[in-house]
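Report on the following structure.
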Amino acid sequence: MYKGIFWFCRDAAGTWKALAVKVPCGRDGTALFPIRYSSKAGENFNHKAEWERLGHKITGGRPYNYYPRGRVEIRKGRITVYIPPSLFREDILSVIFQEFGLNGEAAGRSIRVKADGSAHYQYQTEEAL
């Protein structure tokens, strides 16, 4: 299972896909190997910092908040997925669960999904998912 951040963006063929920055972790959310996080709290990744590290070939020169984005947090054994309301769809959640290994071992655990409509998860693109 993994924790980290993600964006839903179009690939070269125009298909929507998840682009993730993640780290494998144990049931309590502790990374399975030493990792340098970019979030202020130091326990996860920061979207802006990680987007800038991806490079122009991947980002297309767009800002970090162009595409819908979210995060998967695992703290004290609790799994929480934070997403904008536009991503709160079964097909999108299925991709997120697959990408972060939230099936299998995690499937028997409670996974909270929070549709966060705050300014923090607003994005610029008006392309429909």
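The values are calculated or read from the model by the stated rules, or taken from the named source; none is laboratory data. Keep in mind that this is a model prediction, so the values were computed, not measured. Glycine gets a Cβ as well: all are built from the backbone with ideal geometry, and neighbour counts include every protein chain shown. To get the accessible areas, we keep the full protein, side chains included, count just its heavy atoms, and leave off ligands, DNA and RNA. Shrake-Rupley method; radii C 1.70, N 1.55, O 1.52, S 1.80 Å.
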task = Scan Glu99, Glu50, Glu90, Glu43 and give me the residue that is acidic (Asp, Glu), over 26 Å from Gly14 (Cα atoms) and either within 16 Å of the chain's Cα centre (by Cα) or surrounded by 13 or more Cβ atoms within 10 Å (Cβ to Cβ) (or both).
result = Glu43
task = Would you confirm whether any residue within region 12-23 is free of Cβ contacts under 8 Å to residues at least 40 places away in the same chain and more than 25 Å from Gln124 (Cβ to Cβ)?
result = yes
ask   = Quick check, is Arg62 closer than 16 Å to Lys114 by Cβ, open to solvent by 20 Å² or more (accessible area, probe 1.4 Å) and among the charged types (D, E, K, R)?
value = no
task = Run down Lys17, Lys3 and say which single residue is open to solvent by 50 Å² or more (accessible area, probe 1.4 Å) and not in a loop (DSSP other than H, G, I, E, B).
result = Lys17
task = Starting from residues that are aliphatic (A, V, I, L, M) and surrounded by 10 or more Cβ atoms within 10 Å (Cβ to Cβ), keep the ones in region 108-123 and report whichever is nearest to Lys48 (Cα to Cα).
result = Ala115
key: Count of residues meeting criterion [of a type outside the set (S, T, N, Q), touching a residue at least 12 places away in the same chain (Cβ under 8 Å) and outside any helix (DSSP H, G or I)] in region 44-61   = 1
ask   = Taking Tyr82, is it without any contact (Cβ under 8 Å) to a residue 60 or more places away in the chain, open to solvent by 40 Å² or more (accessible area, probe 1.4 Å), within 18 Å of Arg112 (Cβ to Cβ) and touching a strand residue (DSSP E or B) at 6+ places or on another chain (Cβ under 9 Å)?
value = yes
